Amino acid sequence: MSRQNKEERVNGGADGRPSLAALLAAAGRDFYGRGWVLGTSGNFSAVASTDPLRLLVTASGADKGALTPAHILEIDARGEVTQGSGRPSDETRLHLTVVRARGAGAVLHTHSVWSTLLSEAFARDGRLVIEGFEMLKGLAGVRTHAHRETLPVIENSQDMDVLSRSLEGALTRYPEAHGVLLRRHGLYTWGRDLAEARRHVEILEFLLEVLGREHCAGLARPPVKEEK
Ligand SMILES: [Zn+2]
């Protein structure tokens, strides 16, 4: 890999285009502003090259409201840092798992209020089904509001071996899923590139909030039969 390519990833191209690291940092600050990655929660990654695999990933402990390209590290397929200083996010293994399983170009992970609440509410079912909403058409390949999106819900763990295997299992069992919920933890979604992954966060966070608010307001209850 040329030195120039490496510099472009961090500092941007000579034509003034922002670097991939700058775009990733901007996504983090935007998500922070929307309450989806408060404090140091959440983590983000984007594929810089596929052969060999080089993944840009947020450093552990980075405050997402103040994220800059300096908080973005480059790692290889084993999770070893190849550029930048600091330790990659604790959940880097999960990002690598999604990249391999889905051929994703970017993986974004949020800790929103609604994903935390709904992942608990649907933990026993092991999945959350969303259907009948126009916003579903924002998910890649979805053409109609009648689409039935199933988000698997997996148990949370601090053991990244366990969590990574569980995530891999969910991705295999639900090959059409655009995201996975971690119980009482948050949402993982991805896209073929960073722009698509960002769109998926926005769409899924919107839909989770709609479902959550609907549930709280009792709007989703089936009509009550009138007594005779
Ligand atoms: Zn997390």
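Annotation for the range 155-174: at least one member residue is touching a Phe, Trp or Tyr at 6+ places or on another chain (Cβ under 9 Å), in contact (Cβ under 8 Å) with a residue 12 or more places away in the chain and crowded, with 22+ Cβ neighbours inside 10 Å. Quickly run through the range 73-95 and pick out the residues that are hydrophobic (A, V, I, L, M, F, W, C) and surrounded by fewer than 21 Cβ atoms within 10 Å (Cβ to Cβ). Selection gives Ala77, Val81.
You will find that of Leu207, Leu151, the residue that is surrounded by 16 or more Cβ atoms within 10 Å (Cβ to Cβ), in contact with a Phe, Trp or Tyr (Cβ under 7 Å, 6 or more places away or on another chain) and of a type outside the set (Ser, Thr, Tyr) is Leu207 and no other.
Testing Arg127 on (1) free of Cβ contacts under 8 Å to residues at least 24 places away in the same chain; (2) away from the ligand (no atom under 16 Å from the Cβ), one condition comes back false. Which one is that? Failed condition: (1).
Listed here are the residues, each with its yes/no results for (1) over 20 Å from the mean Cα position of the chain (by Cα); (2) within 16 Å of the ligand (Cβ to nearest atom); (3) closer than 19 Å to His95 by Cβ; (4) at pLDDT 95 or above.
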residue: Glu7; (1), (2), (3), (4): yes, no, no, no
residue: Val37; (1), (2), (3), (4): no, yes, yes, yes
residue: Gly42; (1), (2), (3), (4): no, yes, yes, yes
residue: Val47; (1), (2), (3), (4): no, no, yes, yes
residue: Leu55; (1), (2), (3), (4): no, no, yes, yes
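The test for being at pLDDT 95 or above and within 16 Å of the ligand (Cβ to nearest atom) holds for His95. Is it true that Glu74 is within 19 Å of Leu24 (Cα to Cα), touching a Leu at 6+ places or on another chain (Cβ under 8 Å) and of a type in the set (D, E, K, R)? Against the criterion (within 19 Å of Leu24 (Cα to Cα), touching a Leu at 6+ places or on another chain (Cβ under 8 Å) and of a type in the set (D, E, K, R)), Glu74 qualifies. Residue-level check: of (1) out of contact with any helix residue (DSSP H, G or I) (no Cβ under 8 Å at 6 or more places or on another chain); (2) surrounded by 17 or more Cβ atoms within 10 Å (Cβ to Cβ), Cys216 misses just (2).
For a quick check of your reading of the model, give me the residue pairs whose first member lies in the range 180-200 and is among the polar types (S, T, N, Q), whose second is away from the ligand (no atom under 14 Å from the Cβ) and at pLDDT 95 or above, with beta-carbon atoms closer than 7 Å and at least 6 apart or on different chains. Every condition considered, the pairs that remain are Thr189/His178; Thr189/Ala197; Thr189/His200; Thr189/Leu204.
The values are calculated or read from the model by the stated rules, or taken from the named source; none is laboratory data. These numbers come from a predicted model, not from an experiment. We place every Cβ from the backbone using ideal geometry, glycine too, and count neighbours over all the protein chains shown.
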